[in-house]
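The structure appears below as structure tokens.
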Amino acid sequence: MEWYESEIIWVLIKILLLFFVIITGAGYYTLMERKGAGYFQLRYGPNRAGIFGIFQPLADGIKFLLKQETLPKNVDIYLFLAAPAISVITAVLLWSSIPFTPLIKLPVEVLGKSEVNLQVLNPNSGLLFLFAISSLSVYGILLAGWSSNNKYSLLGAVRSTAQMISYELSLSLSIIGVILMTGHLDIYRIVEAQSKYGWFLLTIPGFLSFFIFIVSVFAETNRLPFDLAEAESELIVGYHTEYGAFKFALFMVAEYINLITISFLTALLFFGGWNVPFFLREMLEGLWWGPLVGVLFFVVKGLFFAFLFIWVRWSLPRFRYDQLMNIGWKYLLPLAIFQIFLSGIYLYIK
Amino acid sequence: MIISEIPMSYVLILTLLIFSIGIVGVLTRKNIIVIFMSVELMLNSVNLLFVGYARMWKNLEGEMAVFFVMAVAAAEAAVGLALVISIFRTFHTVDITKIREMKG
Amino acid sequence: MENIKEILFFLFAFIMTGSSVGVIMHKNPVKSALFLVVFFVSLASMFGLLGSEFLAVLQVLVYVGAIMVLFLFVIMLIAVRDENFENIGSRFGKTMVVSLLITAFLIQMTALVSVHFKNKIDTSAGYERTIDASANIKITGHAENISFQLFEKYLLPFEVISLVLLVGVIGAVVIAKKNRRKLE
């Protein structure tokens, strides 16, 4: 048996490739955020390391690595160290079931396989799998806050957990519309369905569910205007107050990976993923590199949502905590239930 | 591709082990929350048994049972934890040996 | 590579047993709850290993993502951290006898059940030592199959369960609300 016939080796290659792409992506997302923040505030942002500050993420990484690792005195040492690891692991694990490309049909002689898919595993209940993994990310925050033995950390963690649990409800209810219209939990099939029916955003229940989804996502990832967990001006920085050096860097990386995941997931669920516009579809028919053009479209859509997060962060002020809970329970949740009802009616009429 | 399956007896033994550990937990601990968690252990060991048998008989009934057990367990956890909170409010402890209002 | 499933089974079985012992033995309730989280995650992996992918995902989503967070929340809320933790050993001897008796009873029951099954079908070699893995996919554990079962055969229980959940939510809110009339 040749090496390329083994499925395990292919999976390992995919995992390594994805891992490096994601870590680098998270690094450059921080650069994008800082540049964006700079321009929103009429300044330049980082521009010393390389042209446009292109080496800034590298410099940041080296700086974090070289800083002294400090351990506060009264922390619960195992949990204190486990918390950032859990955050990063859950963030990276999410990427295992996100598809980027349709099946690429290659001539057999190129790689020894006729079909290549860049998805590491394709669980039958893909969307549920994603939500299950993302619900684990609460533990990173909760443990960090609890083990630090610090009032601010615990407060930040409790706030953040309550917020994440509340918004997880409307988040998971909001995708039910999409699932109903597709009839599958498999993300790959959800995207394929959109090549037939058009973007889900353009249907009536789809738009409503997109609205609920995007609002809940801001709360779920602890971004402004819902960044009550960090709230620099009230809680120092919340759950990672006691963390320094590379442990802090891990929290940051996890946060940015989560943002990238969510932006790409939005593109997949509501904006047609890798589907190309209709006039291109006939041109690309039958070409083996046709799917790669689709990937290009997909990445552009994903990057737009990544930019949206930065845009909103530097434009809106923070909500108060009771306002946050009110929005979650009194407005978004009933709206999400109404949206399920609406998708049912929509499907019935159609 | 032939993959050897896991014998049912292994699953059965594992289930027994965890169920017994759960019983020991319920009987030995004094903290209400830990007792509660031991009950969850027992529930889940039975879930595992259901899945094992569903696999053995090639039938979905077992998995449906697990589904319903999960739903009931979620409701039970919500009510149970609310009870724990209200007990703590009244007695300022979660130690079951110290809660003896009815003992006279 | 042939018995990779068995190796994985023993790995998860080891983690499950170890963490469940951790749940009942650890002094600190927070750590107990975390052991239970480890237990649930490995149980989910075990479900996946036994072929019910959907239940594995559901297990993580419901137990780990919701119920255990609630547990941890309550533990942190009532601040058991500063309490003097109980001495585990004190009641261990007495209850051990009872537990052993119950365990023995359970083993007896299991033996009875397996003898009963043995007469009906041949499960002597475990069950189905070798199955074609690809043919298996149709049978269990996929979301479509479960949903068909749920909305056809089990429609009434499903509705009842949703009522139970509703009652549970309302009950939890009512019980946990601060009661005005305080007990002296």
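The values are calculated or read from the model by the stated rules, or taken from the named source; none is laboratory data. Quick caveat: nothing in here was measured; it's all calculated off a predicted structure. For neighbour counting, all protein chains shown are included, and Cβ atoms are generated from backbone atoms with ideal geometry for every residue, glycine included. In case anyone asks, the SASA skips ligands and DNA or RNA and just uses the protein heavy atoms, side chains included. Shrake-Rupley method; radii C 1.70, N 1.55, O 1.52, S 1.80 Å.
Per-structure values
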item: Count of region B:30-67 residues which are within 23 Å of B:A78 (Cβ to Cβ), open to solvent by 30 Å² or more (accessible area, probe 1.4 Å) and of a type in the set (S, T, N, Q); result: 0
item: A:Y188 buried (at least 22 other Cβ atoms within 10 Å of the Cβ) and either among the basic types (K, R) or modelled with pLDDT under 85 (or both); result: no
item: Selection from region C:1-55 of residues that are among the small types (G, A, S), over 23 Å from A:I8 (Cβ atoms) and more than 8 Å from chain B (Cβ to nearest Cβ); result: C:G18, C:S19, C:G22
item: Flag if B:F91 is closer than 23 Å to C:Y63 by Cβ and either among the aromatic types (F, W, Y) or touching a helix residue (DSSP H, G or I) at 6+ places or on another chain (Cβ under 7 Å) (or both); result: no
item: Among residues of region C:147-161, those that are open to solvent by less than 60 Å² (accessible area, probe 1.4 Å) and more than 8 Å from chain B (Cβ to nearest Cβ), counted; result: 2
item: Counted residues, region B:3-20 - those being over 16 Å from C:L49 (Cβ atoms) and either of a type in the set (G, A, S) or more than 7 Å from chain C (Cβ to nearest Cβ) (or both); result: 1
item: Any helices (runs of 4 or more DSSP H) falling wholly within region C:1-100 and containing at least 2 residues that are at pLDDT 90 or above, in contact with a Phe, Trp or Tyr (Cβ under 9 Å, 6 or more places away or on another chain) and within 28 Å of B:F88 (Cβ to Cβ); result: C:4-25, C:29-49
item: Some residue of region B:50-64 being modelled with pLDDT of 90 or more, more than 23 Å from C:V97 (Cα to Cα) and facing chain C (nearest Cβ under 7 Å); result: no
item: Pair list, Cβ < 6 Å and 6+ apart or interchain, from region A:154-169 residues that are closer than 24 Å to A:A336 by Cβ to residues that are open to solvent by less than 10 Å² (accessible area, probe 1.4 Å) and part of a helix (DSSP H, G or I); result: A:T161/A:V138; A:T161/A:L142; A:Q163/A:A219; A:M164/A:V138; A:S166/A:G328; A:Y167/A:S216; A:Y167/A:A219; A:Y167/A:G328
item: Checking A:K63 against (1) in contact with a Phe, Trp or Tyr (Cβ under 9 Å, 6 or more places away or on another chain); (2) loosely packed, with under 15 Cβ neighbours inside 10 Å, the condition it does not meet; result: (1)
item: Residue that is surrounded by the fewest Cβ atoms within 10 Å (Cβ to Cβ), among those in region A:120-156 that are more than 10 Å from every other protein chain (Cβ to nearest Cβ) and β-branched (V, I, T); result: A:V120
item: Within region A:199-228, tally of residues that are open to solvent by less than 10 Å² (accessible area, probe 1.4 Å) and assigned to a helix (DSSP H, G or I); result: 9
item: Residue within region C:131-140 that is modelled with pLDDT of 75 or more, surrounded by 13 or more Cβ atoms within 10 Å (Cβ to Cβ) and at the interface with chain B (Cβ under 7 Å from one of its Cβ atoms) present; result: no
item: Options B:I23, B:I33: the member that is at the interface with chain C (Cβ under 7 Å from one of its Cβ atoms), touching a Pro at 6+ places or on another chain (Cβ under 6 Å) and on the phi < 0 side of the Ramachandran plot; result: B:I33
